[in-house]
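K.L.:
Can you keep this structure in mind? I'll have questions shortly.
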Amino acid sequence: MERKFYRWMLVPALLFLTAFIYYPVLRGAVMAFQNYNLFDLNQLRFNGFDNFKAVLTDPHIKFAQILFNTVVWLFGSLFFQFVLGFGLALLLKKPFAGRGIYTAFVFYGWALSGFAIGLTWAWLFNGQFGLVNDMLIRLGLLSQPIGFLSNPNLAMISVMIPNIWYGVPFFGIMLLAALQSVPNELYEAATLDGAGAIRKFTSVTVPYVKPTIVSTILLRTMWIVNFPDIIYAMTNGGPVNRTNILATQMINKVFKEYDYGQGSAIGLIIMILLFAYAMLYLRLTEKGGDNL
C-alpha cells in the first residue's frame, strides 16, 4: 500500500516532465526531419536529412564560422567565469566585516534576466554615448569613441564580458559552499607536514572540491551554449556574423524565417554536440581523478 502511494505521488512529476521536457524534445527531433515552414504548411512532409544539409552547406548560414564562434563564446566565457568565481569563493571564505552584505551584492547579478543584462551592457558599450567610451576618453586612454559592438574584431569580446560577469556568481556560490565543507583538520595535518599555502591548495583544497568543480563546469557548459540572451540583446549575432552562435542562429531560423525544420535541425545538432562533449568530459575527468 505504501509503495503504491509513493508511485502515485510520482505521477504529477512525470506528467510535468513529459509535457514540458520529453514531448518538446521528441517533437523538435521529429521536426528536424520535416519540411516545416509556417509560410508553407501545405508542403509539410518528411524530407530526410535535407534540413541538416541546408544548415551545414548554406553559404548564408556559414555553419563553420558559427560553430567556431560558439566554441570561442563557450571556452572564453567558461575559463574566466571559473577562474574569477573560484577566486571570489576563496576571498569570501575568509570572515570579514560585512561579508554577508557583500556576498548578497556580488551574487545579485545571478538573479537578473540575461536579456536585461544584454540591454544594459549594450548601452554601456554604445559607440556614441556609452559609459565605457566616456570613461576611457576621460582617462585619456582614447581620443575618440570606439564602436565596440560594431567592430568585428571587438564584438565577440564585448559580448563575452557581460557573460563572464553574469556567470562568476554561479561558480562563486557553488565553490564557496564546497570550500566551507573542507574539514580544518586536513589543513592542520598539511601544516604539520610542512605544506605551504600553494601545497595546501593543490593537495587539499582542489581534490576535496573536485566533484563540485567537475559538475559546475559541465552545467555551465550546457548553459553557456544554450544562452543566446546576451548576444541577441547586444548584437543580434552581428556584425557580419562575428557573434552569431548556434543558439542565436536557431532563434533566427524559428522567429525570423519561421523555418521550424531547420531551426529544429540546429537544435538537434546542439544536443548531439553537447552529449558528445559531456561523455568525453566525464571520461577525461574520471581518468584525471584516478591520478589525484
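The values are calculated or read from the model by the stated rules, or taken from the named source; none is laboratory data. Model, not experiment: these values are computed from the prediction. Cβ coordinates were reconstructed from backbone atoms using ideal geometry, including for glycine residues, and neighbour counts include every protein chain displayed. Note: areas computed on protein heavy atoms with side chains; ligands, DNA, RNA excluded. Shrake-Rupley method; radii C 1.70, N 1.55, O 1.52, S 1.80 Å.
K.L.:
Given the criterion aliphatic (A, V, I, L, M) and open to solvent by 70 Å² or more (accessible area, probe 1.4 Å), identify the matching residue among Leu136, Leu142, Leu92, Leu131.
P.N.:
Working: Leu136 fails: open to solvent by 70 Å² or more (accessible area, probe 1.4 Å); Leu142 fails: open to solvent by 70 Å² or more (accessible area, probe 1.4 Å); Leu92 fails: open to solvent by 70 Å² or more (accessible area, probe 1.4 Å).
Exactly one of Leu136, Leu142, Leu92, Leu131 is aliphatic (A, V, I, L, M) and open to solvent by 70 Å² or more (accessible area, probe 1.4 Å), namely Leu131.
K.L.:
Out of all the residues in the stretch 148-162, is one or more under 23 Å from Gly85 (Cβ atoms), over 21 Å from the mean Cα position of the chain (by Cα) and not in a helix (DSSP H, G or I)?
P.N.:
Within the stretch 148-162 (the criterion being under 23 Å from Gly85 (Cβ atoms), over 21 Å from the mean Cα position of the chain (by Cα) and not in a helix (DSSP H, G or I)), the answer is no, since none of the residues qualifies.
K.L.:
Could you check, for the stretch 38-47, whether at least one of its residues is out of contact with any Gly (no Cβ under 8 Å at 6 or more places or on another chain), of a type in the set (A, V, I, L, M, F, W, C) and open to solvent by 100 Å² or more (accessible area, probe 1.4 Å)?
P.N.:
Yes: one or more hits.
K.L.:
Checking Met31 against (1) farther than 19 Å from Met156 by Cβ; (2) open to solvent by 40 Å² or more (accessible area, probe 1.4 Å): exactly one of these is not met. Which one?
P.N.:
Here Met31 meets the rest and fails (2).
K.L.:
Would you confirm, using the coordinates I've provided, whether Leu67 is closer than 17 Å to Met250 by Cα, open to solvent by 80 Å² or more (accessible area, probe 1.4 Å) and not charged (D, E, K, R)?
P.N.:
So Leu67 does not fit the description; no.
K.L.:
What number of residues within the stretch 173-186 are surrounded by 15 or more Cβ atoms within 10 Å (Cβ to Cβ) and closer than 17 Å to Phe201 by Cβ?
P.N.:
Restricting attention to the stretch 173-186, the residues satisfying the condition of being surrounded by 15 or more Cβ atoms within 10 Å (Cβ to Cβ) are 173-176, 178-179, 182, 186.
Next cut, closer than 17 Å to Phe201 by Cβ only: 175-176, 178-179, 182, 186.
The qualifying residues number 6.
Quick grid of which residues meet (1) basic (Lys, Arg); (2) under 23 Å from the mean Cα position of the chain (by Cα); (3) open to solvent by less than 100 Å² (accessible area, probe 1.4 Å); (4) over 30 Å from Pro169 (Cβ atoms):
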site	(1), (2), (3), (4)
Glu2	no, no, no, yes
Ala13	no, no, yes, no
Asn51	no, no, yes, yes
His60	no, no, no, yes
Val72	no, yes, yes, no
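K.L.:
Is it true that some residue in the stretch 96-109 is open to solvent by 40 Å² or more (accessible area, probe 1.4 Å), at pLDDT 90 or above and of a type outside the set (Val, Ile, Thr)?
P.N.:
no
K.L.:
Does Gln34 fit the bill of being closer than 26 Å to Thr235 by Cα and modelled with pLDDT of 90 or more?
P.N.:
no
This table checks each residue for (1) hydrophobic (A, V, I, L, M, F, W, C); (2) touching a helix residue (DSSP H, G or I) at 6+ places or on another chain (Cβ under 6 Å).
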position	(1), (2)
Ile157	yes, no
Pro162	no, yes
Gly167	no, yes
Asn184	no, no
Asp193	no, no
Tyr208	no, no
Thr221	no, no
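K.L.:
Same structure, new question: State all residues of the stretch 119-128 that are open to solvent by 70 Å² or more (accessible area, probe 1.4 Å) and part of a loop (DSSP other than H, G, I, E, B); if no residue qualifies, say none.
P.N.:
Gln128
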